[in-house]
Amino acid sequence: MYNVHNSAGIDTMTIIEATGLTKTYRSKSGPVHALAGLDLSVPRGSVKALLGPNGAGKTTVVKMLTTLIRPDSGTAFVDGIDVVADPKAVRRIIGVSGQYAAVDENLTGFENLEMVGRLYHLGGPAARRRAQELIDLFELTAAGNRPVKGFSGGMRRRIDLAGALVINPKVLFLDEPTTGLDPRSRIALWNVIKRLVADGTTVLLTTQYLEEADQLADDIVVVDDGRVIAEGTSDQLKAQIGGHRLEVALVDAGAGASEAARGILARFGDGEPIVTSDGRGLEVAVTDGPLALQHVLAALGDAGIELHDAGMRRPTLDDVFLKLTGHKADKAQGAADDDTLDKKEAVKTR
Amino acid sequence: MSAISTTLPSWNPFSLWYSDGWTVTKRNLIKIKRSPDMLVFAVIQPVMFVLLFSQVYGGAIQVQGTDYTQFLMAGIFAQTVVFGSTFSGSAMALDLKEGIIDRFRSLPMSSSAVLIGRTNSDLVLNTISMVIMMATGLAVGWRVNSSPAEFLAGVGLLLLFSYAFSWVMALLGMSVKSPEVINNASFLILFPLTFVSNAFVPSDTLPTPLRIFAEWNPVSSLVQAARQLFGNEGTAPVPDIWTMQHPIQTVLIGITVMLVVFVPLCIRKFASISSR
């Protein structure tokens with residue numbers, strides 16, 4: 001790979017370059033470090049996912065890069081432009097689709113997009129033409145002239161996403177694009193995003209869904225407590241926790257069966273097996289999957305332990321998260337996430 | 001997807017500012033048109049106030065040198081424009097909460113356009129209220145006893161005041177956590193402010209502490225100015241205080257101060273707000 005530097009010394013193969021971003025909010029329970037020195041670098045034309053639980057700082061990063069909030073310290077450049085020094089120049093080249101579908105409820109889909117086009121200064125005729133193109137592209141033709149109030153959650157997200165694409169942005173920011181959507185709408189939106197990505201748009205997306213990062217991103221940055229704790233492709237991250245996962249489900253966990261099965265899994269697996277709270281589900285990482293499965297099944301049979309189910313699976317990013325942070329991605333939230341909780345309420349009461 | 005050109009000729013800063021402000025104004029006006037509760041607020045409420053006050057209190061309250069309806073109308077106008085302006089605050093707070101402000105702030109638009117659009121559309125709403133109130137007032141016997149120029153000056157003064165006060169409320173709207181705060185605050189602060197004034201009763205009928213408050217109350221000056229310009233003063237003596245003796249100058253000074261102080265404050269505040 002070759003690197004080209006422009007006069008500002010910015011690596012032009014990298015379209016987003018952020019270094020040492022910090023942000024501290026005051027809250028009733030003391031200062032909250034939303035970002036504690038976060039570095040981020042996104043290659044041009046790639047899709048990068050910021051993955052982390054609620055309150056990890058993902059939205060704060062996006063808000064800094066999209067010029068909505070200023071970092072307390074650190075620097076950030078989008079396409080070589082300093083987001084703090086020249087926010088307007090950044091805004092001319094980015095598209096943003098937020099967590100909570102920032103569209104106007106009383107305006108129709110078309111009116112929303114036309115307004116955004118005018119505010120990008122396309123001029124009236126071009127703004128209207130573009131709005132209609134996007135309405136058609138996002139399959140909202142039938143609903144385009146109805147107020148957004150009556151739209152389903154999935155349609156709202158599509159209009160919001162369309163708003164981010166009124167210009168062909170150099171960088172598209174998607175902040176939790178499918179949070180709160182039902183599985184079918186989520187997959188539909190993923191397909192839309194995949195089409196965009198195929199066109200070569202650089203995308204920075206945040207998500208708390210491991211599957212979403214896996215589906216959409218080339219590269220995943222795992223964020224927790226305002227810091228990057230791991231980075232790599234989905235496969236690289238999965239490789240960190242070994243090969244396959246071997247899972248068994250017992251018919252009955254009583255009479256020492258769970259402990260016995262645990263012993264057997266520990267013998268053939270790598271590391272400590274994980275046991276569910278009822279003692280019936282067990283899993284362990286294994287290196288030679290098929291062979292380990294044979295051994296485990298034979299040993300369980302010899303011990304007279306009956307099985308509901310047994311099998312192997314590829315590790316998910318959930319496993320990665322558990323391994324990296326010691327807690328699940330959907331951990332219970334503490335005081336630091338007051339704001340996130342507030343916003344959830346705001347969505348519900350809408 | 002087809003390519004879109006983002007470089008357009010002939011956009012100078014002024015035409016950008018004007019066009020962005022107009023785009024947001026249009027958006028707000030569409031919203032008003034489509035939400036019936038706002039129209040009720042702007043249309044039905046003023047009609048109700050005029051009818052209730054003139055018909056219910058009209059017989060009981062004596063005003064020197066004129067009848068109550070003549071006296072009342074300027075008070076109702078002032079009260080309505082003051083309350084109408086609070087809408088700028090609650091609407092800003094609501095936009096912030098719903099995330100549309102984040103959308104606006106991520107666009108390369110003029111930094112004052114959202115505020116201009118907000119205060120402009122609220123001026124339109126206040127103007128509609130004013131026209132409806134005047135028609136209702138004329139129907140129940142209110143008459144303008146001044147020259148057309150004075151009448152227009154009175155209308156202009158009331159609307160200019162409402163416009164300037166919208167900026168004050170917009171700053172409040174951007175500073176509070178939820179739109180409800182604005183509604184509650186306006187109830188707690190603006191009700192006393194508009195009622196403890198000369199809007200509905202001559203201030204010399206009030207107990208001394210309230211009378212002193214009413215005489216210095218800026219709303220009283222606004223009401224007094226409107227009464228003068230509409231020729232509805234009656235013959236009651238005007239309190240011997242500069243602000244009441246020179247109500248038009250007082251209101252103009254108030255409008256200037258509000259605009260000079262709050263327009264820059266609003267623009268500064270807007271540059272840092274986000275629905276966190």
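The values are calculated or read from the model by the stated rules, or taken from the named source; none is laboratory data. Everything numeric here is computed off the predicted structure, so don't read it as measured data. Because the Cβ atoms are built from the backbone with ideal geometry, glycine has one as well, and the counts that use them run over all protein chains shown.
Let's see how each residue does on (1) in contact (Cβ under 8 Å) with a residue 60 or more places away in the chain; (2) touching a helix residue (DSSP H, G or I) at 6+ places or on another chain (Cβ under 8 Å); (3) assigned to a helix (DSSP H, G or I):
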| position | (1), (2), (3) |
| --- | --- |
| B:93 | yes, yes, yes |
| B:103 | no, yes, yes |
| B:108 | no, yes, no |
| B:135 | no, no, yes |
| B:172 | yes, yes, yes |
| B:181 | yes, yes, yes |
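Given (1) over 19 Å from residue A:39 (Cα atoms); (2) buried (at least 16 other Cβ atoms within 10 Å of the Cβ); (3) touching a strand residue (DSSP E or B) at 6+ places or on another chain (Cβ under 8 Å), identify the lone condition not met by residue A:253.
(3)
Just for strands (runs of 3 or more DSSP E) wholly inside region A:208-273: which have at least 2 residues that are free of Cβ contacts under 8 Å to residues at least 60 places away in the same chain?
Counting at least 2 such residues, we get A:227-232.
Scan A:122, A:134, A:172, A:181 and give me the residue that is among the hydrophobic types (A, V, I, L, M, F, W, C), on the phi < 0 side of the Ramachandran plot and at the interface with chain B (Cβ under 8 Å from one of its Cβ atoms). Before you say what the answer is, go through the steps one by one.
On the way: A:134 fails: at the interface with chain B (Cβ under 8 Å from one of its Cβ atoms); A:172 fails: at the interface with chain B (Cβ under 8 Å from one of its Cβ atoms); A:181 fails: at the interface with chain B (Cβ under 8 Å from one of its Cβ atoms).
Sole residue among the options that is among the hydrophobic types (A, V, I, L, M, F, W, C), on the phi < 0 side of the Ramachandran plot and at the interface with chain B (Cβ under 8 Å from one of its Cβ atoms): A:122.
Which condition number does residue A:96 fail, the rest of (1) under 21 Å from the mean Cα position of the chain (by Cα); (2) over 29 Å from residue A:181 (Cβ atoms); (3) of a type in the set (Val, Ile, Thr) being met?
Answer for residue A:96: the failing condition is (2).
Suppose the filter is in contact with a strand residue (DSSP E or B) (Cβ under 7 Å, 6 or more places away or on another chain), at the interface with chain B (Cβ under 9 Å from one of its Cβ atoms), among the hydrophobic types (A, V, I, L, M, F, W, C) and at negative phi; does residue A:90 pass it?
So residue A:90 passes the test.
Suppose the filter is facing another protein chain (nearest Cβ under 8 Å) and at pLDDT below 90; does residue B:11 pass it? Steps first, please.
Details: facing another protein chain (nearest Cβ under 8 Å): yes; at pLDDT below 90: yes.
Here the answer is yes, as residue B:11 does meet what is asked.
Checking the conditions here, which among B:85, B:19, B:54 is hydroxyl-bearing (Ser, Thr, Tyr), within 14 Å of residue B:127 (Cα to Cα) and buried (at least 16 other Cβ atoms within 10 Å of the Cβ)?
B:85
For region A:100-119, which residues satisfy the criterion of being more than 19 Å from residue B:113 (Cα to Cα) and at the interface with chain B (Cβ under 8 Å from one of its Cβ atoms)?
A:100, A:101, A:105, A:106 - these are the residues of region A:100-119 that are more than 19 Å from residue B:113 (Cα to Cα) and at the interface with chain B (Cβ under 8 Å from one of its Cβ atoms).
Just the residues that are modelled with pLDDT of 85 or more, surrounded by fewer than 19 Cβ atoms within 10 Å (Cβ to Cβ) and in a helix (DSSP H, G or I), please, taken from region B:194-217.
Residues satisfying the conditions are B:195, B:208, B:209, B:210, B:211, B:212, B:213, B:216.
Which number in (1) crowded, with 23+ Cβ neighbours inside 10 Å; (2) under 17 Å from residue B:249 (Cα atoms); (3) in contact (Cβ under 8 Å) with a residue 40 or more places away in the chain marks the one condition that residue B:220 misses?
(3)
Find all pairs meeting these conditions: Cβ atoms under 7 angstrom apart; at least six residues apart or on different chains; first residue within region B:63-75 and modelled with pLDDT of 90 or more; second residue in a helix (DSSP H, G or I) and surrounded by fewer than 18 Cβ atoms within 10 Å (Cβ to Cβ).
From residues that are modelled with pLDDT of 90 or more, there are no pairs.
Which count do you get for residues in region B:183-193 that are touching a helix residue (DSSP H, G or I) at 6+ places or on another chain (Cβ under 7 Å), of a type in the set (A, V, I, L, M) and surrounded by fewer than 16 Cβ atoms within 10 Å (Cβ to Cβ)?
Taking region B:183-193 first, the residues touching a helix residue (DSSP H, G or I) at 6+ places or on another chain (Cβ under 7 Å) are B:183, B:186, B:190, B:193.
After this cut, where a residue has to be of a type in the set (A, V, I, L, M) as well, the list is B:190, B:193.
This time we only want the ones that are surrounded by fewer than 16 Cβ atoms within 10 Å (Cβ to Cβ), so: none.
Within region B:183-193, residues that are touching a helix residue (DSSP H, G or I) at 6+ places or on another chain (Cβ under 7 Å), of a type in the set (A, V, I, L, M) and surrounded by fewer than 16 Cβ atoms within 10 Å (Cβ to Cβ) number 0.
Looking only at residues in region A:202-239 that are of a type in the set (Val, Ile, Thr) and surrounded by fewer than 20 Cβ atoms within 10 Å (Cβ to Cβ), which one is farthest from residue A:45 (Cα to Cα)? Lay out the reasoning, then the answer.
Taking region A:202-239 first, the residues of a type in the set (Val, Ile, Thr) are A:202-203, A:206-207, A:220-223, A:228-229, A:233.
The next check asks that each one be surrounded by fewer than 20 Cβ atoms within 10 Å (Cβ to Cβ); those that pass are A:228-229, A:233.
Details: A:228: 21, A:229: 24, A:233: 15 Å.
The selected residue is A:229.
Conditions tested, residue by residue: (1) over 28 Å from the mean Cα position of the chain (by Cα); (2) modelled with pLDDT under 80.
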residue: A:247; (1), (2): no, no
residue: A:254; (1), (2): yes, yes
residue: A:262; (1), (2): yes, no
residue: A:266; (1), (2): yes, no
residue: A:287; (1), (2): yes, yes
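Tell me which of these residue B:118 doesn't satisfy, since it passes every other one: (1) closer than 18 Å to residue B:269 by Cβ; (2) in contact with a helix residue (DSSP H, G or I) (Cβ under 7 Å, 6 or more places away or on another chain); (3) within 12 Å of another protein chain (Cβ to nearest Cβ).
Going through the list (1) closer than 18 Å to residue B:269 by Cβ; (2) in contact with a helix residue (DSSP H, G or I) (Cβ under 7 Å, 6 or more places away or on another chain); (3) within 12 Å of another protein chain (Cβ to nearest Cβ), residue B:118 breaks only (3).
Regarding region A:54-64, can at least one residue be identified that is modelled with pLDDT under 95, within 8 Å of another protein chain (Cβ to nearest Cβ) and crowded, with 23+ Cβ neighbours inside 10 Å?
Yes, some residue in region A:54-64 is modelled with pLDDT under 95, within 8 Å of another protein chain (Cβ to nearest Cβ) and crowded, with 23+ Cβ neighbours inside 10 Å.
Regarding region B:70-91, can at least one residue be identified that is within 11 Å of chain A (Cβ to nearest Cβ) and closer than 30 Å to residue B:174 by Cβ?
no
Starting from region A:144-168, keep only residues that are away from chain B (no Cβ under 11 Å), then list their pairs with residues that are modelled with pLDDT under 90 and part of a helix (DSSP H, G or I) whose Cβ atoms are within a distance under 6 Å, requiring at least 6 positions of separation or different chains.
As it stands, the answer is A:154/A:185; A:157/A:189, since those pairs meet every condition given.
Given the conditions (1) closer than 26 Å to residue A:76 by Cα; (2) in a helix (DSSP H, G or I), report the number of the one that residue A:190 does not fulfil.
For residue A:190, the failing item is (1).
Specify which of the listed residues (B:129, B:106, B:112) is within 12 Å of chain A (Cβ to nearest Cβ) and among the hydroxyl-bearing types (Ser, Thr, Tyr).
None of the other options fit; the residue is B:106.
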